[in-house]
1. Any residue at all in region 33-41 that is in a loop (DSSP other than H, G, I, E, B), over 17 Å from K17 (Cα atoms) and modelled with pLDDT of 80 or more?
2. For region 1-36, what are the residues that are under 14 Å from L78 (Cβ atoms) and β-branched (V, I, T)?
3. What single numbered condition from (1) modelled with pLDDT under 85; (2) part of a loop (DSSP other than H, G, I, E, B); (3) surrounded by fewer than 15 Cβ atoms within 10 Å (Cβ to Cβ) fails to hold for L76?
4. Across region 28-42, what is the number of residues that are crowded, with 18+ Cβ neighbours inside 10 Å and in contact with a strand residue (DSSP E or B) (Cβ under 8 Å, 6 or more places away or on another chain)?
5. Does any residue in region 25-37 that is under 13 Å from K61 (Cα atoms) come within less than 6 Å, Cβ to Cβ, of a residue that is aromatic (F, W, Y) six or more places away or on a different chain, and which pairs are these?
Amino acid sequence: MLNLLADFVVRFNAGLKKHAKCIYVPYSNTTIKVVRILFSYNCIVSFSIVTGNASSTLLIKVVPLYINNESTIRGLELMSRPGLRLY
């Protein structure tokens, strides 16, 4: 996928839907900025950057925050389209 931010949104929402303990998303500068914002607003418990398999790709491990088996965030939505980028 060329748009790593869109990939992040899809993986994050799918992880929340499954009540995943951690979500692995591809690393990009924009993605790490979004993860830091989510962390500053207490939407996630923690995050860390981990190296992948033999291809040495970087992944971000995101741990969402659940209170009473409910996520503190319901989902993310990307408002951009190819002709107009909004973040």
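1. Kept after step one, since they are in a loop (DSSP other than H, G, I, E, B), are these residues of region 33-41: 41.
The next check asks that each one be over 17 Å from K17 (Cα atoms); those that pass are 41.
Going one step further and asking which of them are modelled with pLDDT of 80 or more, we end up with 41.
Yes, there is a match, as at least one residue in region 33-41 is in a loop (DSSP other than H, G, I, E, B), over 17 Å from K17 (Cα atoms) and modelled with pLDDT of 80 or more.
2. V9, V10, V25, T30, T31, V34
3. Checking L76 against (1) modelled with pLDDT under 85; (2) part of a loop (DSSP other than H, G, I, E, B); (3) surrounded by fewer than 15 Cβ atoms within 10 Å (Cβ to Cβ), the one that fails is (3).
4. Taking region 28-42 as the starting set, the residues that turn out to be crowded, with 18+ Cβ neighbours inside 10 Å are 31, 34-35, 38.
Filter once more, keeping what is in contact with a strand residue (DSSP E or B) (Cβ under 8 Å, 6 or more places away or on another chain): 31, 35, 38.
The number of residues fulfilling the criteria is 3.
5. V25/F8; T31/F8; V35/F47
The values are calculated or read from the model by the stated rules, or taken from the named source; none is laboratory data. Everything numeric here is computed off the predicted structure, so don't read it as measured data. Ideal geometry is used to build each Cβ from the backbone, glycine not excepted, and the neighbour counts take in all protein chains shown.
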